[in-house]
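Beneath this line is the structure, given in structure tokens, with notes to follow.
The values are calculated or read from the model by the stated rules, or taken from the named source; none is laboratory data. If you're wondering where the values come from, they're calculated on a predicted model, not measured in any experiment. Positions of Cβ are backbone-derived with ideal geometry, glycine not excepted, and every protein chain shown enters the neighbour counts. All accessible areas refer to the heavy atoms of the entire protein, side chains included, with ligands and DNA or RNA removed. Shrake-Rupley method; radii C 1.70, N 1.55, O 1.52, S 1.80 Å.
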Amino acid sequence: AKKQGSNTYQAYSCSNDISSYKKLLLEKDMRKAIVNEEFQLYYQPQVEAATGSIQGAEALIRWRHSEWGMVPPNEFIPLAEENHLIHHISDWVIRKTCAQLRQWKDAGYPLKPISINLSPLRLLKRGLVELIKEQLTFYQIPAELLEIEITESSLLKNDISVLKTLEELRNLGIKIAIDDFGTGYASLNYLHEFEADILKIDQIFIQNITSANKKDAAIVSAVIHLAKEIGMRIVAEGVEEKEQYDFLKERNCDLIQGYYFSKPVPLADYEEMLCRGLSI
Ligand code: C2E
Ligand code: CA
Ligand code: CA
Ligand code: CA
């Protein structure tokens, strides 16, 4: 593996193409990472478009490798999905998030929902609903504070057990978000087949909403409209510029997530934002 300045771990090439030697090393270290507490959650605020106030955050996993520094999730999550460590990682994220919500409650922070990312593989494995129920009960956390982001590929399997699991989670009061909306195929089919609460429109559509070519602007406007018509909350991801924010606000997009407001930040920074309410 190659080390770069600023302690940033640099992939040889794209994430689908890591050398098998490096894969082997990563896999070995990943097994120890949970025990060694090398994983961390970063939080990226989600802001109400109309007011600019914080409405919650997405938890994004970070791996601080002892030698290589930060290993990006796009690199180790796919690997964890291959070697089945994803189940341990997912369960760690669930436990950590519930424990964190409890801590905020005890410390008197304003309580806002946290959304976590769950791999389709974890949704297929048994025991998910039980684990979440157990954690919510143990920490005495209302289910409304936990949101689960799934990608369209979770539903791609069209596995009846996945649909059932999601239904059970919703019945507990947990909100389900469809992540990266628009990038899978047959997106509309999922809306048709499954009741979700939140639609997260992918950043690739946001990038060009203010460009001269009005195509992406039209797509985003239509998706916002669609979400409202079917009673879903809509979140725009990857909002980096004021012009993009203005566009989305004008079209009544519910929530904004992106570098324009904040990058994903470590716990302490997010806590500070929670206190301030982060209003731009
Ligand atoms: P995602 O769920 O679509 O998360 C959004 C990604 O976009 C994050 O990358 C975030 O840092 C980045 N992002 C947010 N705002 C902006 C922006 O304004 N501009 C740009 N260019 N990027 C922005 P990150 O944290 O590197 O995560 C990458 C992916 O890794 C996530 O994509 C998600 O699929 C996966 N991931 C992260 N944490 C977890 C986890 O705990 N479990 C699982 N299963 N997957 C995770
Ligand atoms: Ca996500
Ligand atoms: Ca996303
Ligand atoms: Ca993504």
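Summary table
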item: Filter result for the condition that a residue is within 15 Å of Glu58 (Cβ to Cβ) and open to solvent by less than 20 Å² (accessible area, probe 1.4 Å), over Tyr190, Tyr270; result: Tyr270
item: Strands (runs of 3 or more DSSP E) contained entirely in segment 173-280, each with at least 1 residues that are under 14 Å from Gln46 (Cβ atoms) and acidic (Asp, Glu); result: 175-181
item: Total residues in segment 93-114, condition within 16 Å of ligand 2 (Cβ to nearest atom) and closer than 13 Å to Ile54 by Cβ; result: 2
item: Single residue of segment 232-270 satisfying the filter (under 17 Å from Asp179 (Cβ atoms) and of a type in the set (A, V, I, L, M)) that is nearest to ligand 2 (Cβ to nearest atom); result: Val235
item: Leading residue by the ranking (least open to solvent (accessible area, probe 1.4 Å)) among those in segment 193-222 that are farther than 26 Å from Ile176 by Cβ, at pLDDT below 95 and of a type in the set (Gly, Ala, Ser); result: Ser211
item: Where Asn252 falls short, out of the listed (1) at positive phi; (2) open to solvent by less than 50 Å² (accessible area, probe 1.4 Å); (3) out of contact with any Ser or Thr (no Cβ under 6 Å at 6 or more places or on another chain); result: (2)
item: Top-ranked residue of segment 125-151 - restricted to ones that are modelled with pLDDT under 95 and open to solvent by 60 Å² or more (accessible area, probe 1.4 Å), ranked as farthest from ligand 3 (Cβ to nearest atom); result: Arg126
item: In segment 152-166, the residues that are away from ligand 4 (no atom under 16 Å from the Cβ), open to solvent by less than 70 Å² (accessible area, probe 1.4 Å) and of a type in the set (D, E, K, R); result: Asp159
item: All positions within segment 167-186 that are within 16 Å of ligand 1 (Cβ to nearest atom), open to solvent by 20 Å² or more (accessible area, probe 1.4 Å) and at pLDDT below 95; result: Asp180, Gly182, Thr183, Gly184
item: Residue check, Lys263 at pLDDT 95 or above and more than 15 Å from ligand 3 (Cβ to nearest atom); result: no
item: Flag if Phe194 is on the phi < 0 side of the Ramachandran plot, touching a helix residue (DSSP H, G or I) at 6+ places or on another chain (Cβ under 7 Å) and within 16 Å of ligand 2 (Cβ to nearest atom); result: no
item: Flag if Lys112 is without any contact (Cβ under 8 Å) to a residue 60 or more places away in the chain, within 29 Å of Tyr190 (Cα to Cα) and either open to solvent by 30 Å² or more (accessible area, probe 1.4 Å) or touching a Lys or Arg at 6+ places or on another chain (Cβ under 6 Å) (or both); result: no
item: Failed item in (1) closer than 30 Å to Val220 by Cα; (2) of a type outside the set (S, T, N, Q); (3) modelled with pLDDT under 95, with Ile160 passing the rest; result: (1)
item: Qualifying position, being within 16 Å of ligand 3 (Cβ to nearest atom) and in contact (Cβ under 8 Å) with a residue 24 or more places away in the chain, among Pro73, Pro120; result: Pro120
item: Unmet requirement for Ser279, which otherwise passes all of (1) at pLDDT below 95; (2) surrounded by 13 or more Cβ atoms within 10 Å (Cβ to Cβ); result: (2)
item: Selected residue (criterion: farthest from Ile116 (Cα to Cα)) from residues of segment 83-101 that are assigned to a helix (DSSP H, G or I) and open to solvent by 60 Å² or more (accessible area, probe 1.4 Å); result: His88
item: Any hit, segment 76-87, residues being touching a Ser or Thr at 6+ places or on another chain (Cβ under 7 Å), closer than 22 Å to Lys23 by Cβ and touching a residue at least 60 places away in the same chain (Cβ under 8 Å); result: yes
